[in-house]
Every structure is written in C-alpha cells, then in structure tokens.
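Right, one structure below, let's go through it.
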Number of protein chains: 2
Amino acid sequence: MNAAIGKQRGRNGSASLSHSQQDYLKQIFLLSATSRGATTQLLADRIGVRPASVTGMLKKLAEEGLVERAPYRAVHLTETGRRIAVELVRHHRLLEAFLSRTLGYRWDEVHEEAEALEHVISERFEQKVAELLAHPDRDPHGDPIPTRELALEEDQHLTALALLPKGSQGTIRRVTLQDQDALNLVEKLDLLPGTAIEVAGTHPDGISLLVAGSRFLVPSLLAAHLLVDHAPPPSSAQPETREGTGRPVAHEQ
Amino acid sequence: MNAAIGKQRGRNGSASLSHSQQDYLKQIFLLSATSRGATTQLLADRIGVRPASVTGMLKKLAEEGLVERAPYRAVHLTETGRRIAVELVRHHRLLEAFLSRTLGYRWDEVHEEAEALEHVISERFEQKVAELLAHPDRDPHGDPIPTRELALEEDQHLTALALLPKGSQGTIRRVTLQDQDALNLVEKLDLLPGTAIEVAGTHPDGISLLVAGSRFLVPSLLAAHLLVDHAPPPSSAQPETREGTGRPVAHEQ
DNA sequence: GAGATCCATTAGGAAAGGCTAACTTTTTAA
DNA sequence: TTAAAAAGTTAGCCTTTCCTAATGGATCTC
Ligand SMILES: [Mn+2]
Ligand SMILES: [Mn+2]
Ligand SMILES: [Mn+2]
Ligand SMILES: [Mn+2]
C-alpha cells in the first residue's frame with residue numbers, strides 16, 4: 001500500500017531515488033505548508049546546499065515527474081512526489097516515536113538519528129515498528145504521524161502560542177523546533193506537549209504565560225513554534241486572534 | 001571507546017568514510033579470515049562491483065592509511081582500518097539480534113536490513129540497542145558480536161560439518177550463509193544453531209546426518225557453512241579430520 | 001517607476017564512485 | 001617449462017551531486 005521510496009523500482013519503471021532526492025521532496029512537502037512555499041532559497045537553507053544546487057536538482061525532479069516547476073517560482077509536488085514525501089515523513093516520525101519510547105532517547109536527541117534512518121529502513125521495518133508501538137499517531141514533538149495509507153491528519157484547530165490573545169487557555173500539542181538547545185529550553189520551562197497553559201498577557205518580545213502556577217515570558221522565537229489546542233478567552237472582549245510577531249514555521253524533518 | 005565510523009571526523013583529522021569505503025573495509029576484514037585472503041576478485045564479488053573498481057578503491061584506502069597493499073597481492077587492513085571494520089561488524093550483528101529479538105524478524109530476513117542500517121546508526125543507537133538486549137554475544141546466525149571495546153571472540157573449537165568424520169557428535173553453533181533460500185532450507189531441516197547432531201556417515205555429495213531421530217543427507221554446499229561444536233567420534237578409529245569437498249567460507253555481513 | 005536589493009538561474013568545474021576495454025602479471029596445467 | 005587461463009591493473013569515460021562566479025528576473029522602496 002505504501003509508496004516505495006527506497007531500493008525498489010519506482011511506480012513507473014524508474015530507478016530508486018537517492019537520499020538527496022528524498023530530502024528535497026520531503027523539504028518541499030514541509031515548506032509547501034507554509035506561507036512562503038517551497039522556494040529555492042528556503043530549500044537551500046533547509047537542505048544545507050547552495051541555491052544553484054537546488055535549481056539543478058529541481059530540474060531533475062521535474063523531469064522525473066515528481067515536482068512541477070516554473071522558473072523563479074516556488075515549486076510544487078506532483079501526486080507521485082507527494083506520496084514519496086509523506087512516506088518519508090511517516091518514517092521520520094515513527095522513528096522518533098520508536099527512539100523515544102523503545103530505546104529511551106531524550107526528546108531532543110531523536111531528530112538527528114531519525115533524519116539518517118528514515119532513508120534506509122524497509123517497509124518491513126516501518127511495519128514492525130508501527131506494530132510494536134501500537135500504531136502511534138504522534139511523535140514525541142506532537143507532530144502527527146501519517147498512516148500507512150499516507151493520510152496525514154492536519155490539526156486545523158491548533159494555533160501558534162504567539163498568535164493567542166490574552167486570557168486564552170489551552171494545551172500545548174506540538175513543538176515545531178528541532179534545535180537541541182531550543183528543545184532543552186522548552187523542557188526546562190515545562191512546555192512539553194500536553195501542558196495546560198494560559199496566556200497572561202502579550203509583550204513586545206513574546207507572550208506572558210501562566211503554567212502550573214508560575215508566570216514567565218515566552219520569547220517570540222519560542223512562542224511561534226508552540227502550537228496550542230486552545231479555547232477562546234473565557235469571557236473577555238479580546239479579539240479572537242491577532243497578528244503576532246512570528247508566524248509558525250514548519251521545522252525540519 | 002568505539003572507533004568512529006560515521007559522520008564524525010576520523011581519528012586523525014580526516015573526513016568521514018563513505019558507506020562504500022566502509023563496505024570495502026568490512027569485506028576485507030571478513031575475507032582476511034579465509035585461506036584466500038582479501039583478493040581483488042573476491043572483494044568485487046562480495047561488494048557487487050567490477051574488479052577495476054576494487055583496485056581503484058583499494059588505492060584510495062591505502063592512501064588514507066586504512067589498508068596495506070602490494071599490486072597483484074591480497075590486501076590487508078592496518079590497525080586503524082581493522083578497528084573500523086570490526087565496529088561495522090558489531091553494528092551488523094547487534095542489529096541482526098535486535099531485528100530478530102525485538103522486532104520479530106525471521107532469521108532469514110535480518111541480514112539485508114542490517115546491511116543498510118549498519119552504516120547509519122549512531123554510537124548512541126548502538127549503545128541503547130546493546131543495553132536493550134542485555135549485551136548479547138551472538139547474532140541469530142550464531143556469529144559472535146564484537147564487544148564495545150571491539151574484542152572479537154573467535155571460536156577456535158568450531159569445525160565445519162563438512163570436515164567431521166563419521167561418528168562425530170556435536171551441536172550446530174553457527175550458520176555462515178546469508179542467502180534467504182539457503183537459510184530457509186536450513187530451518188526446514190531443523191539445523192538452526194543449538195541443534196544437536198551426529199554424523200552418520202560421509203557421502204560423495206555431502207554428509208549423512210542424524211538429527212533428532214531422522215537421518216538425511218546434508219549437501220556439501222550446506223555442510224561447509226554449518227559450524228559445529230563437536231566432540232571427537234566416541235570410540236571409533238576414524239581419523240580426526242578429513243579433507244572435505246568444500247571449505248568453510250565467511251559469509252557476507 | 002527606477003534603482004537597489006534580493007532571489008534564481010546558467011555556465012563551468014570538481015570529487016566520488018562506478019563502468020568498459022585493453023594490457024600486464026601471476027597462476028595453472030599440459 | 002612454457003603456453004593458456006585467470007586475476008589484477010590502467011586509462012579513459014560517465015553519472016551524480018555539489019560548488020563558485022557571473023548573469024538575469026522579481027520585488028521593494030522612495
Ligand atoms: Mn534526511
Ligand atoms: Mn518530530
Ligand atoms: Mn553494508
Ligand atoms: Mn549474521
């Protein structure tokens with residue numbers, strides 16, 4: 001049922017995709033969900049190559065029918081390309097859950113290892129791990145794990161903490177960061193997924209937050225990456241949302 | 001304590017080794033334990049490339065101080081090269097044990113997956129898996145797993161079934177095959193590691209074997225790859241060993 | 001609406017790792 | 001002991017993926 005990414009011959013008759021090509025597809029997928037879309041520059045940043053290299057690779061992927069491209073424009077995945085990308089996201093997030101739950105990795109350690117393993121595991125490995133974990137639907141950062149049929153539940157009702165008005169209450173559900181130091185900070189502040197929070201007030205540099213009694217400032221950088229399952233402010237006349245300093249940004253995976 | 005193989009900078013200051021280079025070192029190590037040694041031709045067969053490619057790579061590895069080489073001769077690992085090779089063997093066999101025990105792979109399925117994963121897992125992954133399995137000393141084929149300090153117990157007292165004289169009794173300890181069909185045959189015949197056997201007689205095409213009451217012919221091809229922990233024949237006057245048709249051959253990993 | 005400033009693309013080239021074909025050395029065996 | 005066979009090496013080439021430098025578009029600002 002899964003799209004083949006690895007060694008097998010592809011859906012048409014083409015050879016397999018290189019790890020590099022796989023990473024391009026995955027980053028295009030993740031960036032496509034953002035406002036800017038998958039631009040050459042952003043892809044270069046995420047993948048760690050120069051823009052010229054991105055242009056070259058995108059041409060190749062377009063020839064192989066995995067992306068659609070117009071020069072000087074953001075690139076889009078074809079259905080084939082999307083399937084491969086989502087398959088990789090499934091691998092990545094399943095692996096993060098596995099590393100965390102079964103092997104006892106810390107939550108800030110899982111990303112890097114999953115980044116390498118995602119290209120290498122077989123469909124059998126994917127299946128066995130999914131069974132071992134009883135088909136989890138979230139990774140340790142709260143990111144949804146696509147199903148085996150590659151359906152990806154998108155959380156419509158999650159909002160970036162940075163965009164919440166004063167008085168909002170809710171629960172942190174996703175942390176879209178992957179930098180180890182940033183993740184450690186989140187943990188130090190007890191802002192892991194599942195934590196109940198209340199917005200005590202806004203602030204030029206972030207959000208003032210009430211968590212388990214204590215009250216402190218969450219910097220914008222962080223607040224943009226904490227996605228909250230929120231109820232509107234209990235009884236105030238605050239606007240439903242406001243334009244924040246930072247918008248949520250998809251994180252690398 | 002472990003030699004770094006992966007992404008890290010190497011022992012001197014050199015960059016990391018490619019997966020390809022790692023495979024060469026591992027196969028040189030495994031072939032060095034055989035009578036023919038690590039020749040260009042055998043390496044080409046094992047690695048799946050042409051002999052010309054092997055010559056080219058061996059030159060590169062020699063320049064990097066990982067092998068010592070004389071043209072037209074079998075190649076040898078330096079101490080540095082050996083450490084990297086043994087580290088890979090540890091990864092491979094630990095992974096086989098993990099796939100078999102934790103993920104429930106069949107014993108004929110573990111090799112291929114481990115072949116890909118061995119290059120990609122971190123030292124952390126290695127350590128966590130070793131802990132999870134309580135530091136196993138054998139993989140599912142009975143192959144010894146090098147310790148974290150890279151000590152590799154070699155089983156001096158194991159003999160290929162093909163070389164045993166009539167009347168010998170013993171226990172199968174290792175199965176040095178990796179072909180799936182061959183492994184399935186071994187399983188069908190109940191010749192897994194741990195099985196007690198007795199040599200009922202020799203035969204031009206193999207060995208006649210007594211296993212759990214039944215008696216059947218084990219073809220030479222197989223008998224050369226079944227390593228037995230044996231006692232000499234109980235009270236007969238048979239010679240201790242004999243020259244068999246096939247000698248034991250290290251298997252790929 | 002015209003620069004200035006990004007952003008994207010092109011051209012040319014390098015490194016890694018494979019290949020084929022031709023040639024040399026070693027080994028085998030008549 | 002010598003000729004044929006097998007094994008190993010060399011030379012030249014190809015593909016993949018990256019790079020730098022230069023060029024060509026898009027966009028923002030005044
Ligand atoms: Mn990756
Ligand atoms: Mn994640
Ligand atoms: Mn390998
Ligand atoms: Mn094994």
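With the requirement that a residue be in contact (Cβ under 8 Å) with a residue 60 or more places away in the chain and more than 21 Å from B:GLN156 (Cα to Cα), what does region B:168-212 give you?
Across region B:168-212, the qualifying residues are B:GLN178, B:GLN180, B:LEU183, B:ASN184, B:GLU187.
Out of region A:96-147, which residues are at the interface with another protein chain (Cβ under 7 Å from one of its Cβ atoms) and polar (S, T, N, Q)?
A:SER122
Can you tell me how many residues in region B:221-253 are open to solvent by less than 30 Å² (accessible area, probe 1.4 Å), modelled with pLDDT of 55 or more and more than 16 Å from ligand 3 (Cβ to nearest atom)?
Matching residues across region B:221-253 total 8.
The values are calculated or read from the model by the stated rules, or taken from the named source; none is laboratory data. These figures come from a predicted structure and were not determined experimentally. So basically every Cβ, Gly included, is an ideal-geometry build from the backbone, and we count neighbours across all protein chains shown. Remember, those area values only see protein heavy atoms, side chains included, never the ligands or the DNA or RNA. Shrake-Rupley method; radii C 1.70, N 1.55, O 1.52, S 1.80 Å.
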